[in-house]
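Trainee: Attaching a single structure in structure tokens format; questions to follow.
Just so it is clear, none of the values below were taken in a lab; they were calculated from the coordinates. These numbers come from a predicted model, not from an experiment. Neighbour counts are summed over all protein chains in view; Cβ atoms, including those assigned to glycine, are modelled from backbone coordinates with ideal geometry.
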Amino acid sequence: MPRKPRQYIIAPGSFYHVVARGNNERRIFRSSRDYRKFLRILEDTKKKFPFYLYSYNLIPNHYHFEIETQDISISKIMHRINFLYAGYFHCRHKTSGHLFQGRFFSNLISKESYFWEVARYIDLNAVRAGVAKRPEDYKWGSYLVYFQENHNENLIDRDRFLEYGGEDLEKSRLTYLKFVEEGMGKERAPKFPFNEKMI
């Protein structure tokens, strides 16, 4: 029986926490080349289907994004990213079958209530997964873009994210760094319904 379309993922101009996992918890990134290729696909998709990207974390067997859509639905954006990356991965590693565990998971989030909390959760994901001791040590995530005062990064919409902090950009950046630091060691996920246990 075909699955019903998920109506909550088609509205443009919304904020989403997105997660995609490897099928059967298998690795979707096996080398630095894989991470770099995925980020190139992400950047190319951002140019083709414009959206705002505020945070990401690429873990060996899954990844997280925080996205604000514009005119293109999150479903179309994610389909392109996962389709192109799966094609690359199978060609590169001589594999076949499903790379990802079904469709991606997404949650609509509130800018007012959960915006920074979700970003912090994503930026600390590598620490929780045990692949980094501190978020600034992990190069396959977005935290370095915020951690460094001056960072030449086109993928993350840093200024737009910091403007939502309600202060000038530098004060907002320092406030966010403190907010992330306060989250170190906290295992609890943001308090909103989700279809899958988040790690």
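Trainee: For the chain, take the longest principal axis of its alpha carbons; what is the angle in degrees between that and the long axis of helix 74-93, to the nearest 10 within 0 to 90?
Mentor: 60 degrees
Trainee: Give me the one-decimal nm value for the distance between modelled label points at GLU163 and SER32, 7 Å along each residue's Cα-to-Cβ direction.
Mentor: Distance between label points: 3.5 nm.
Trainee: Calculated FRET efficiency, LYS139 and SER96, Cβ-Cβ r, R0 30 Å, to nearest 0.05?
Mentor: After rounding to 0.05, the efficiency reads 0.50.
Trainee: Let me ask you something else. Treating the angle as unsigned and between 0 and 90°, give the value, to the nearest 10°, between the Cα long axis of helix 32-48 and the longest Cα principal axis of the chain.
Mentor: So the helix axis and the longest Cα principal axis differ by about 80 degrees.
Trainee: Let me ask you something else. Report the relative contact order of the chain, percent, no decimals, based on alpha-carbon pairs under 8 angstrom and at least 6 residues apart.
Mentor: 25 percent
Trainee: Figure the gain on full extension for LYS171 and GLU25 (residue separation times 0.36 nm, minus the Cα-Cα span) and round it to one decimal in nm.
Mentor: Working it through step by step, the gained length comes to 48.6 nm.
Trainee: Further question: Quick one, can you get me the convex hull of the C-alpha atoms of segment 9-182 expressed as volume per residue in Å³?
Mentor: On the way: hull volume 19.3 nm³, N = 174.
Looking at segment 9-182, the number lands at 111 Å³ per residue.
Trainee: Kindly state, to the nearest 0.05, the FRET efficiency for LYS76 paired with LYS47, given R0 = 22 Å and r defined as their beta-carbon distance.
Mentor: The formula returns an efficiency of 0.95 here.
Trainee: Can I ask one more? Of the peptides 167-175, 51-59, 82-90, 15-23, how do they stack up when ordered by the mean number of other Cβ atoms within 10 Å, highest first? Let's see the in-between values first.
Mentor: On the way: 167-175: 14.3, 51-59: 22.4, 82-90: 16.8, 15-23: 20.2.
By packing density, highest mean first, the sequence is 51-59, 15-23, 82-90, 167-175.
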